[in-house]
Amino acid sequence: MLIEVLPSANLSVLPYLQNKIVIVIDVLRATSTMVTALANGCQAIIPVLTPEEAIEKRLMIPGALLGGERKAIKIEGFDLGNSPFDYVPEKVGGKRIIMTTTNGTRAIRAAAEAPHVWMASFLNLQSIILSLYRHLESNRNLEGILIICAGTEDRFDLPDTLCAGMLIDQLRLDLEVNDLAKAAMMLYSLAKDDLVNVIRSSDHARRLMELEFDRDIIYCCTQNILPIVPVLKEGEIVWLT
Ligand code: MLT
């Protein structure tokens, strides 16, 4: 079985999706925020590509909240930004959230044709690994695992790649890997003892720090605190049951 890592997502991922479990990673911050929202009682997250699409969709889902960012800042008129600290139980409990982010929701939508699309972050990595063991055991027809790093506007993103490296490292399966998977494991092994500081030095984190989102970075680097596997089901992100 093959495990591949892709550095970013657009329609070019389409040929890779068949018979794969796709794991989308956007550590800073979309998939970390989605895991947090579900842990805090949100009913479902609907990933959309643009603010306009989000506003139009809300007309059909009364009571839904709008969440997301552009250039890491909350979109004007939206209820929530893309900070995990926006998604507290008092705001998101029992709600459906229509969400658009620059890279994360775009990667999820690009992967939507795959038979299984899961969302990973450092916060829920252990649960992803345990669910992968179970899933691969009971779905023998699957050909491999495809990890899509959401990237930063089609560019390489260090936090996503380190998270992919940790996932493969801790999966401890004898899998064939592509070059970026090998590189991700090497980077993770170099960075793992000082992960927060390495991530803080990345382009994306530095931009977030300029906007005073330091605590988001620290939180998004926390490992294995949320036992949740978010999956895409009929266009909505919900818990894996
Ligand atoms: C994205 O989807 O591009 C990110 O989550 C951006 C951010 O840091 O809010």
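Averaging sequence separations of C-alpha pairs under 8 Å and six or more residues apart, then dividing by the length of the range 1-86, give the relative contact order as a whole percent. 22 percent. Looking at this model, which pairs from Lys71/Lys233; Lys71/Lys192; Lys20/Lys91; Lys74/Lys182 are more than 30 angstrom apart at the alpha-carbon? Checking Cα-Cα distances, Lys20/Lys91; Lys74/Lys182 exceed 30 Å. Sites counted here are GluC sites (Glu not before Pro) in a DSSP loop (not H, G, I, E or B) having no more than 15 other Cβ atoms within 10 Å; the longest part of the chain that contains none of them is 1-75.
Sorted fewest first by neighbouring Cβ atoms within 10 angstrom, Phe156, Phe213 come out as Phe156, Phe213. Compared with the rule-of-thumb size 2.2 N^0.38 Å for a compact globular protein, the chain has a Cα radius of gyration ratio of 0.93. Here the simple spin-label model places points 7 Å from the Cα toward Cβ, and for Glu236 and His135 these points are separated by 1.9 nm.
Legend: ranking of residues Trp118, Trp239 from fewest to most surrounding C-beta atoms inside 10 Å; resulting order Trp239, Trp118. Starting from the Cα of Lys95, draw a straight line to each of the aspartates and glutamates and keep only those under 18 Å, dropping any in the same chain fewer than 8 residues away. The qualifying aspartates and glutamates are Glu56, Asp79, Asp86, Glu234, Glu236.
Cβ crowding within 10 Å ranks Ser32, Ser131, Ser201 as Ser201, Ser131, Ser32, fewest other Cβ atoms first.
Bear in mind that the values in this text are calculations on the coordinates, not laboratory data. Values in this document were obtained by computation on a predicted structure and should not be read as measured data. Ideal geometry is used to build each Cβ from the backbone, glycine not excepted, and the neighbour counts take in all protein chains shown.
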